[in-house]
Amino acid sequence: MDALVVTSRKAEIAAGVRASLAAGLGMYPIGLAFGLLVIQAGLPWWVAPALSIACFAGSLELLLIGMIAAATPLATIALTAFLVNFRHVFYAFTFPLHVVRNRFALAYSVYTLVDEAYAVTAANPRGWTSWRLVTMQAAFQFYWVGGGLTGVLVGSLLPARIEGLEFALCALFVTLTLDACRSRDGVPSLLLAALSFSIAIVVAPHAALFVGLLLFIATLVARYLVVRGRDA
Amino acid sequence: MLDLKYLAAVLATVFVINLALRAVPFAILQPLRKSRFVNTMATWMPVGIVVILAASTFRSVAGDGSRLAYAAFAVVLTVGVHLLGGRRTLLSVGAGTLAYVLLVNAL
């Protein structure tokens with residue numbers, strides 16, 4: 001009986017590692033770039049693992065490097081973190097958290113609910129067990145933190161700063177915009193966002209991100225009220 | 001030098017916000033699922049947020065304007081590679097970044 005349980009646990013851990021590999025192939029190099037950027041921004045090396053442990057969320061961590069280096073006010077950081085990671089609210093709808101029973105495993109599974117973990121479970125909704133799910137998530141964090149540590153090592157071995165590497169973050173958001181806007185339905189939001197940020201640059205050039213994000217949310221609420229009024 | 005108090009405050013802030021965004025929905029799943037406002041915002045928000053982040057990072061890369069042309073070229077290249085290269089993020093980001101680094105250092 002016990003031998004059987006151990007075998008099935010081993011099989012589930014192996015299945016969790018297998019489930020993590022495809023996405024991990026993308027996470028490791030981005031983690032490496034993240035570590036490299038931490039060094040390039042002039043921050044100490046341990047900021048990379050500290051950020052990946054405090055908030056395991058790739059694109060936000062990348063944004064935070066520049067924000068920390070520029071001593072951005074906490075309110076802007078909080079608003080950015082809230083809006084950039086707001087999408088996580090909807091992961092709860094389908095994420096198979098109900099298979100996890102152990103309290104610590106449950107907490108860990110929620111804490112490491114990254115885009116990749118959501119995407120893999122959304123693509124394969126069946127067959128998840130506690131060990132498989134949590135192993136996959138732990139593997140994701142391992143690839144990401146490992147990539148970050150590799151990046152800070154590479155960064156500290158480089159003889160000089162590579163000028164222009166910070167463009168990677170801009171390029172990442174450009175590709176994310178293209179992926180988020182695949183149909184015409186995205187165009188109104190795109191225009192409202194562009195308008196909001198343009199106004200923000202003019203009225204608050206030193207807090208453009210903060211003001212731009214707030215304006216954008218305000219325009220979306222207005223749009224919601226208009227659309228609802230029309231439908232009613 | 002980096003202010004450790006500031007850094008600790010940043011880490012604590014993002015830890016709490018990030019964890020709350022992931023944990024709270026499991027506790028209030030039913031009302032969230034039914035809320036038309038929340039669901040509408042969910043479909044409208046992402047593209048606008050990422051385009052603002054793209055514009056904001058572009059602004060800090062372009063700086064005082066001296067590198068505006070290089071950054072604009074690299075964005076066009078990133079878009080082109082992404083759309084023509086089958087939306088492989090690593091490839092598109094890699095190509096755009098490499099082009100920008102070469103332009104900034106060589107010219």
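Counting only residues that are open to solvent by 30 Å² or more (accessible area, probe 1.4 Å) and either touching a strand residue (DSSP E or B) at 6+ places or on another chain (Cβ under 7 Å) or part of a helix (DSSP H, G or I) (or both), region A:51-71 holds 3 of them. Among the residues of region A:176-215, just one is closer than 27 Å to B:G80 by Cβ and among the aromatic types (F, W, Y), namely A:F197. Would a scan of region A:141-164 turn up a residue that is within 27 Å of B:V47 (Cα to Cα), under 19 Å from the mean Cα position of the chain (by Cα) and at pLDDT below 90? Taking every residue of region A:141-164 in turn, none turns out to be within 27 Å of B:V47 (Cα to Cα), under 19 Å from the mean Cα position of the chain (by Cα) and at pLDDT below 90. The set of residues in region B:3-22 that are at the interface with chain A (Cβ under 8 Å from one of its Cβ atoms), open to solvent by 40 Å² or more (accessible area, probe 1.4 Å) and among the aliphatic types (A, V, I, L, M) comprises B:A12, B:L19. Among residues of region A:41-63 that are more than 23 Å from B:I49 (Cβ to Cβ) and in contact (Cβ under 8 Å) with a residue 40 or more places away in the chain, those with a beta-carbon under 9 Å from a residue that is assigned to a helix (DSSP H, G or I) and of a type in the set (F, W, Y) at least six positions away or on a different chain give the pairs A:A48/A:F34; A:I53/B:F15.
Inspection of region A:19-42 identifies at least one residue that is outside any helix (DSSP H, G or I) and either more than 26 Å from the chain's Cα centre (by Cα) or at pLDDT 85 or above (or both).
Within region B:48-69, if we keep just the residues that are more than 8 Å from every other protein chain (Cβ to nearest Cβ) and touching a helix residue (DSSP H, G or I) at 6+ places or on another chain (Cβ under 6 Å), the residue that is modelled with the highest pLDDT turns out to be B:L68.
Filtering region B:78-93 to residues that are open to solvent by 20 Å² or more (accessible area, probe 1.4 Å), closer than 27 Å to A:A160 by Cβ and at the interface with another protein chain (Cβ under 8 Å from one of its Cβ atoms) leaves B:L90, B:V93.
Once region A:180-232 is narrowed to residues that are of a type in the set (S, T, N, Q) and in contact (Cβ under 8 Å) with a residue 24 or more places away in the chain, the residue that is least open to solvent (accessible area, probe 1.4 Å) is A:S189. Please tell me if B:R33 is open to solvent by 30 Å² or more (accessible area, probe 1.4 Å) and at the interface with chain A (Cβ under 7 Å from one of its Cβ atoms). Against the criterion (open to solvent by 30 Å² or more (accessible area, probe 1.4 Å) and at the interface with chain A (Cβ under 7 Å from one of its Cβ atoms)), B:R33 qualifies. Residues in region A:197-215 that are modelled with pLDDT under 95 and among the aromatic types (F, W, Y): A:F210 alone.
The values are calculated or read from the model by the stated rules, or taken from the named source; none is laboratory data. Here the structure is a predicted model, which means the values were calculated and not measured. Heads up, the Cβs are rebuilt from the backbone with ideal geometry, glycines too, and the neighbour counts pull from every protein chain shown. Heads up: the accessible areas ignore ligands, DNA and RNA and are worked out on the full protein's heavy atoms, side chains in. Shrake-Rupley method; radii C 1.70, N 1.55, O 1.52, S 1.80 Å.
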